[in-house]
Amino acid sequence: MGDEQTGGKGHMSDAAITIKSLRKTYRGSKGQPEKQALKGIDLTVPRGSVFGLLGPNGAGKSTLINILAGLVVKTSGSVSIWGFDQDRNPRQSRAAIGVMPQELNLDPFFTPRGALEVQAGLYGISKADRRSDQILDLVGLADKAEAYARTLSGGMRRRLLLAKALVHHPKILVLDEPTAGVDIELRQMLWANVRKLNEQGMTIILTTHYLEEAQEMCDEIAIINHGEKIAQDSTANLLGRMDSRTMVIVPDRPIQALPTAENVTAAQRENGDLVLQYHSNLTTAEQVLEAVRQAGIRIQDVRTEEADLEDVFLALTSSRADDLPVDDPNQPRRGMHRVKL
Ligand SMILES: Nc1ncnc2c1ncn2[C@@H]1O[C@H](COP(=O)(O)OP(=O)(O)OP(=O)(O)O)[C@@H](O)[C@H]1O
């Protein structure tokens, strides 16, 4: 019935979160100009997804998340959480979402169990419905249930923040930079939990600076820049947009001259490896190899590297969206992890 009214696909109740024309302007204080942190964002987060919200520093991610969490008041626009309008149904929309914040602000005088009990009280969860021990167990804090928060390590505090976000069994869990500066063990615990919760049906929204992580974890990604959404697509489609390829060839002896071919950039690394860059919609791998043979180079070994989310991100957030970053193979690429020079 709802489908008839709305044409089906865009029906609010199909989405975990629907954001329309969301704006946030921070008032300038002490002579500072005002700051438009969000300039009219439209965003739909599908139910059941692991959704990545990415953007460079200052793009507006925290502002967006804090609006979802009810910590920042929007300037205009609408936010609907699990079908509940934030303004018209504040209680239901708040109950549908749990947020694990970035800051480790915990009351030092509470124990983890105490902190969860207080949180449950805030959400009006009856004693019989509380699952504090189960949640502490999930985040690996069962043995610290009675330790004071001030005695907990940074990692344990993060676990407790995750536990607090889960107390009221939200439909949607938001994680703001959950793995910034955490050790490998905690990172693995977090991702294992995220996967488990998602399999149980929870919608997950996360921001992360680790694009490899976003690529691995997220079904769908939105990229925001300067307060505007500049892309939203499935992770696979975003990656598919990039057709840049890098072929690295280990020649069997020092080379005399670089191969030349149209639309192919060739360079040599200090270790003698040959780096050829091309676009798969312009040039085939065979054409690249042919140019290599033409230059009299014999191949001892070869590998190719595809674009990853980092490339997509850089391409989209560089000043001209249609201007793919041009790689100088003699220079390490920004944040590049696969090409070791
Ligand atoms: N309380 C505030 N008052 C004024 N300006 C603010 C305030 N909070 C954020 N801003 C500004 O709004 C813009 C967006 O900030 P926001 O923290 O949302 O970005 P972000 O994408 O989360 O960045 P980061 O990854 O660095 O946290 C920035 O230019 C920031 O300086």
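The values are calculated or read from the model by the stated rules, or taken from the named source; none is laboratory data. These numbers come from a predicted model, not from an experiment. Glycine also receives a Cβ, built like all others from the backbone with ideal geometry; neighbour counts cover every protein chain displayed.
Could you tell me whether Gly181 is within 16 Å of the ligand (Cβ to nearest atom) and surrounded by fewer than 17 Cβ atoms within 10 Å (Cβ to Cβ)?
When the stated conditions are applied, Gly181 passes them.
Please count how many residues of segment 197-240 are without any contact (Cβ under 8 Å) to a residue 40 or more places away in the chain and within 16 Å of the ligand (Cβ to nearest atom).
Total satisfying the criteria: 3.
For segment 229-247, state whether one or more residues are modelled with pLDDT of 90 or more, aliphatic (A, V, I, L, M) and not assigned by TED's automatic domain parsing to the domain that holds Thr44.
Yes, there is a match, as at least one residue in segment 229-247 is modelled with pLDDT of 90 or more, aliphatic (A, V, I, L, M) and not assigned by TED's automatic domain parsing to the domain that holds Thr44.
Between a residue in segment 20-36 that is part of a loop (DSSP other than H, G, I, E, B) and any residue that is at pLDDT below 85 and not acidic (Asp, Glu), which pairs come within a Cβ distance under 6 Å, given they are 6 or more apart or on different chains?
Between residues of segment 20-36 that are part of a loop (DSSP other than H, G, I, E, B) and residues that are at pLDDT below 85 and not acidic (Asp, Glu), the close pairs are Glu34/Gly28.
Would you be able to tell me the number of residues in segment 286-312 that are touching a Ser or Thr at 6+ places or on another chain (Cβ under 7 Å) and more than 18 Å from Arg241 (Cα to Cα)?
Residues meeting the conditions: 1.
Under 6 Å between Cβ atoms, which residue pairs at least 6 apart in sequence (or on different chains) link something in segment 110-123 that is closer than 14 Å to Ala95 by Cβ with a partner that is of a type in the set (A, V, I, L, M, F, W, C)?
Gln119/Val167; Ala120/Val167
Out of Leu175, Leu116, Leu161, Leu152, report the one residue that is surrounded by 20 or more Cβ atoms within 10 Å (Cβ to Cβ) and farther than 22 Å from Ala69 by Cβ. Steps first, please.
On the way: Leu175 fails: farther than 22 Å from Ala69 by Cβ; Leu116 fails: farther than 22 Å from Ala69 by Cβ; Leu161 fails: farther than 22 Å from Ala69 by Cβ.
Leu152 is the lone residue from the list that is surrounded by 20 or more Cβ atoms within 10 Å (Cβ to Cβ) and farther than 22 Å from Ala69 by Cβ.
Among the residues of segment 214-231, write down those that are of a type in the set (D, E, K, R) and crowded, with 18+ Cβ neighbours inside 10 Å. If you could, list the steps in order and put the result at the bottom.
Our first condition is that a residue be of a type in the set (D, E, K, R); within segment 214-231, this holds for 216, 219-220, 228-229.
Those that are of a type in the set (D, E, K, R) and crowded, with 18+ Cβ neighbours inside 10 Å: Glu220, Lys229.
Counting only residues that are more than 16 Å from the ligand (Cβ to nearest atom), give me the strands (runs of 3 or more DSSP E) lying completely in segment 46-149 with at least 3 of them.
Values: elements: 50-54, 76-81, 97-100.
Answer list for segment 46-149: 76-81.
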